[in-house]
Structure formats: structure tokens, C-alpha cells
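Input: a single structure, listed below in C-alpha cells.
Derivation of every value follows stated rules applied to the coordinates shown; laboratory data play no part. It should be emphasised that the depicted structure is a prediction, and the values quoted were computed from it without experimental measurement. Every residue, glycine as well, gets a Cβ built from its backbone with ideal geometry; the counts of neighbours run over all protein chains shown.
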There are 4 protein chains.
Amino acid sequence: MDRGRLEAFSDGVFAVAITLLALDLAVAGPGQGPLLRQLGEHWPAFAAYLVSFATIGVIWINHQSLIRNVAAVDRTLLFANLLLLLFVVLIPFATSTTSEYLKANDEDARVATALYGAVFEGMGLSFAAMFAWTLGEGRTIRPVPPGARRAAWLRFSPGLGAYLLAIAVAFVSAQAAFAIIGLAAVYYAFERTPRA
Amino acid sequence: MDRGRLEAFSDGVFAVAITLLALDLAVAGPGQGPLLRQLGEHWPAFAAYLVSFATIGVIWINHQSLIRNVAAVDRTLLFANLLLLLFVVLIPFATSTTSEYLKANDEDARVATALYGAVFEGMGLSFAAMFAWTLGEGRTIRPVPPGARRAAWLRFSPGLGAYLLAIAVAFVSAQAAFAIIGLAAVYYAFERTPRA
Amino acid sequence: MDRGRLEAFSDGVFAVAITLLALDLAVAGPGQGPLLRQLGEHWPAFAAYLVSFATIGVIWINHQSLIRNVAAVDRTLLFANLLLLLFVVLIPFATSTTSEYLKANDEDARVATALYGAVFEGMGLSFAAMFAWTLGEGRTIRPVPPGARRAAWLRFSPGLGAYLLAIAVAFVSAQAAFAIIGLAAVYYAFERTPRA
Amino acid sequence: MDRGRLEAFSDGVFAVAITLLALDLAVAGPGQGPLLRQLGEHWPAFAAYLVSFATIGVIWINHQSLIRNVAAVDRTLLFANLLLLLFVVLIPFATSTTSEYLKANDEDARVATALYGAVFEGMGLSFAAMFAWTLGEGRTIRPVPPGARRAAWLRFSPGLGAYLLAIAVAFVSAQAAFAIIGLAAVYYAFERTPRA
């Protein structure tokens, strides 16, 4: 199996998904009130753009550190990677839904934000599956020592916990849940998979 | 001719097509009833997203195992590959049409699902053409032994048959036809082109 | 300068443009009459999809034969390539406009088809500029002998002429002009840039 | 870290963003007046398409000259690059907003054009951050001599100044600000990062 194409296809999906995020920013257009007010009322779309952009950007960075240490790609890794991409492709949809409903901070906003957190949780779990795969015998170019594995899991799990927490908090306050998801993106930016 | 660009262009088309699938998931937005009910009534869009994502993912995996064994790319292979991509590009359209009509399970749903099956049948036949091309003298890096060829055709044909069956069944029940197409994606996930 | 990135960026633009073509195929949806009739009345969209897909596919094939013989990429070639991509990016727009207006075969259909032809003429002229660039001293890996150059221009020019003819014919019949553009795609499929 | 994937992901984002620009060109369609008049009244969309296409094209060219001289990619460069892409992804949105409002040349047009200039200023500053990073010890394959650095900054800064000027001018005349942004694209086309 071919690492180059796994990377090329994944990079393509990451690039298209991250670029489609901006489609939600479009304002209603002339005749719908002053542009400045339209932009201001549109703040959830800009906030959700920043959070989703940062999350995709960070997962892309972690994806490349993980894949570059892989010794040989097999079907299991390809399917785990497809599962990751299945959630990445859902991000523009979840972002768009959250940004439409977040402002009201009502029942629907809670459903939208829980959905948003669930998509990120699914992405995180798929990434964890890929990471677990790399821990198998002979799967990485340089072996991952047990100490580094434990450290990596310790660093990795809080992010998964944060998304679960966000889903739970969403049933109390959509905007608080949204803030937790934003903080998880900041957290992951400093997280690193082991480079052995 | 250049294998790298055949792969890069195909990966780009696969990546864009698979990411555009999620555009159909968008709900009508605030003021159109509770979000949870909107999402629930939208189930055909989610089901069609899963089936189309899986089918594109699997054809991408099979595409890379096939191309990596190709000794030299010629114009015939490029055109067979373009034919494959012509059907891949139609998948978001066929998915969208099916997901809009599937729920009613009426005459229009039958037409939509038959169209969906026909696009996958076209994709499968184009892939079969590429596979047949690889069986020519000196076209693969490692030759494909006759036993492996026969085995590969035996494994490959049922998928093509399943799409034909789905088109036929569509004229009785759109949802049964849709289920057959979903099962074909699962089937192909375990199918492998010969690695000789 | 870097041939790999010229290819990667161009492949990305070709791939996105060719995949966006299918967005025009979307039907109006349930409640707008029988789906089969909607699809039938939509024939210009399907015809324009086929013609534009074939044209982008063929220009991509010719682009890769041209670029793979280039010895070193310079700023002039990068800008000629950007000009080519400027027209490639316009193709989904021109295709969409043509497919909306073609059926009436009236004044507006003539404008739309002339625009469609003009985008292809612009793409062809940009490609000709890139081809002319490759004829300079030391620009190709293997030199192009004068006989092959003349033969290449002889094969290349009719396509450019066909698009000009289509623009002229558009002012008499949009559908005849559209047919000429379709034939040019078939013509170019058999055209080859010299492989020296 | 991996230069190839930094390039592939960036090329993907540049390619998708540049291709999405043309989505704004779509006319209202049949029944909305003569097509020729619709196209004519649509001139801001065509002008904004040209300016944004040229700006993305030029930043892509400069991106590749910068990255190809990088000795080793680190997390700092990856994040500076993500910041650049964050602004690149905003270009289709800013282009679309500007082209909708530019014609009236009123208060809203000023806001839209200032936003357009601000997105380009953000892109320019992110690129400047990447350029500053390359000036660190041992970060480039061939060292950048101090004279070349000074020359590069002298050539680079006017573009950043032009976008600032455009934002200021926008509060007087949106169309004058738009013209300045167009001239900056022409300016950058002749600007080169040092090739050491």
C-alpha cells in the first residue's frame, strides 16, 4: 500500500473541508440592512469559522506527524483513516448548523452544539484508533518506547474528554459548550504525537 | 506518461467529490421547526451520505492498489480513468437526488434510486475497464498470474451485478434498492484487486 | 522554481473545476413535477456537463504531456499557467450559464454559447502560449525537432479555429455553436503535443 | 516535519479557494432580463474575480519560492502557514461581499472594500511572518545574505502599505480603494522573495 496517496487524498479532503468553512460567512446581501450590522449579527459564524479552522488545522498537523512515522500502510490503517475523514467531511455541516443556531442559546442551539461536539469526538476517536494502530509491532519507522506511549495517551485523552464534556454541557448552555470546544482546539495545538 | 499526475488529479477529484457529499446534510435552519425533528426527518440524507462516502472511499482504495502496480501509463488508461472520474463526479448529484426523493418511496423515489444505482454501475464498469487494461502483456510491474485473474473477476463481478440488481429492484421498492447499494459498498470493502 | 508544485496546484484547480461542474445537474426537487420529466427537461445541463468534462479532461492530459518535458520552470511559464487556470476556473460558470439558456436557442442562448466558446478560446490560447514557451532554446528535457513543431502547430490550431468558429456560429444558432464546441473536445482527445 | 505535506495541503487550499471565486459570477438566470445586460451589470463580480485570482496566484508563486528554500519545517512555520491559509480561505467570502456591494459605492461598499483590504493585509502579514521565520539561523537551504534581506523587505513592505492605504481610502471611496488593491496584485506579480 502507498503512503503517498494516503497523504495526498487526506490532504485533499482536509483542504476542501477547511475551505468550504468560509461559505457560511456569506451575508444576506444588499437590501438586508447595513452591512456592518449584518456582519455584527453574524458573529457566531465567524466564531465557529475560527474554531473549526483551528481544529482542522491542528488535526492535519497531528495527522502528518503520525503518518510520517508509519513504516507500511495496510488496509486497517486506510479504513481508520477513512473513518477520520468521514468526520472531517462532516465538520463544515456541523459548523454551519451550530453557527445558525448558536445565537439563540435555546433548545435548538443545544442540539446543534451537541452535534458539533459529537462530530469532533468522532474525529478524535478515529484519530485515537489510528494512533493505537501505530503502537503495533513494526508499524512505525522508529519504535515508540512504552514511556512515550503512556505520555502520549495522557496528553491525547484530555481532548477526547473535553469534547464529551462539551456534549454534556451543551444540555445546559450551548455557548458554554461551544467555548469548551474552542479551548480544546487551543489544547490540541500544543499536543504532540510521539516522534519516537 | 506520468503516474504521479494521474494519481494526484484522481485523488483531487475523489477528495472534492467526497467532501461535497456533506453539502446535502444542511438543514432548513431556524424557524423551520425543532432542529432535532429536522435532523430526524432528514435521515435519507444521512443514510445516502454514509453509502456514498463508503463507496467513494472503497473505490479510492481499490484505485490505488490497481494504479500502483501499473508499469507505464498510456493514453488508453488515462481515458479509462477519466471515464471513472466522470461517474465519480456524478455521485454527489445522484446522492443528493436520491436523498431528496427516497423518503416517499414512490415513483420518483424509484427513478432517483435507479439513477443512483446507474451511476455506481457506470463507475464499476469503468473500473472494470481499467482492471482489464492491467491484464495486458507488460502493463503491470509484477505480472498477474491467470489464477489470480480469474479469482479477481469472480470477486469483482458480484458488485457490478449488485448495482444492476439494485436498478431492477428500484422499480419495485426504492428503499430496498438503496439497501442493496449500501450492501455493495460493504462487499467491495472486503474485495481486493490482485496484488500479484 | 518547482515543477512539482506547478503540477500539484494545477491538478488541484483542474480537479475542483471538473467536480464543481456537477453542481449544475441538481433538479428542482420534490413538488416540481415528476422527476423523470425534470431530468428530461434538464438535458442541456447533462450535455454541457459532458462537453465541459471532456474538455477539462483533455486539456489536463495535454497539460501533463507538456509539463513533463519542461527542463526548468520559470516565472514566465508560471504566469502563462496561471492564465490557463484563470480560464479553467471560468468553465463551471460558463457551463452553468450555457446550460440555463441553451434550450430556448434565442438571443440569450447565443450570448451564453458565445461566452462558453470564448472561455474555451481563452484556455486554448493560454495553452498555446505555454506550448510556444516550450519551443525556446533549452526549455525542454529533450529538444523538439522543427518538423515535430510544425506538425504540432498544424494539429493544435484547428481546435483554436473551432472555438472561434463556434463564437461566430453562436450568432446564428446557439445549439449549432454548442455542437461545434463538443466536436472540438473530441478533436483534442486525439491531438497530442510532441513528445520529442 | 514534512515539507511535502505542507506544500500539498497549502496547494489544495489555494486551489479550492481560487476555484470557488468563480461561484460569484453566476447570473440570476432566464426571466431576469437580457443576459448581456445581466453580465454588464455584473461588472464588479468580474473585476473582483480578476483581482482576487491575481492576488491568490501571486501569493501562491511567492509561497512556493519561499518554501522551496526552507531547510526543515517546524511547528512554528506550520502555524504561520495555517494563519496564512486562514486568510486565503476568507478571500472568496471577502470577494463575494465586495462584488455585491461595490457598485453602489456607498457606506456599505466602503465597509465591504475595507473588509476586502483587511483580508489581504492579514494574508500579507502572515506571509511576512513566514518570511521573517526563514531569516533565522540555519532555516534555509542556502543562507540569505543581509543585503538580500534588506532588499526583500524593501520590495515586500509597499504591498502591505498598499492594503493599509486601501483600507483608509475605503472610507472615502470604495471604488478607489478597490483600484489600489488591484494595483497591489500587479505590484506583487513583479516582487520576488530572495532566492539567495
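Brief remarks follow.
- Average partner coverage of A:20-29, which counts Cβ from other chains inside 10 Å: 6
- When only the Cβ of Lys, Arg, Asp and Glu is charged (+1, +1, -1, -1), the dipole of segment C:1-111 relative to its Cα centre reaches about 280 debye.
- Computed helical MRE - 222 nm, chain A, DSSP H runs ≥ 4 contributing -39500 (n - 2.57), nearest 500: -26000 deg cm²/dmol
- Backbone N under 12 Å from the residue C:2 label point (7 Å along Cα→Cβ), restricted to segment D:64-98: D:64-73
- Relative contact order of segment A:74-196, defined on C-alpha pairs under 8 angstrom at six or more residues apart (%): 30
- Length-normalised contact order of segment A:6-67 in % [C-alpha pairs under 8 Å, at least 6 apart]: 45
- Förster radius 25 Å - calculated FRET efficiency between residue D:179 and residue D:107 (Cβ-Cβ, nearest 0.05): 0.85
- Partner shielding of A:92-101 amounts to 4, given as the average count of beta-carbon atoms from other chains within 10 Å of each residue beta-carbon.
- Average beta-carbon neighbours from other chains, 10 Å sphere, peptide D:66-72: 1
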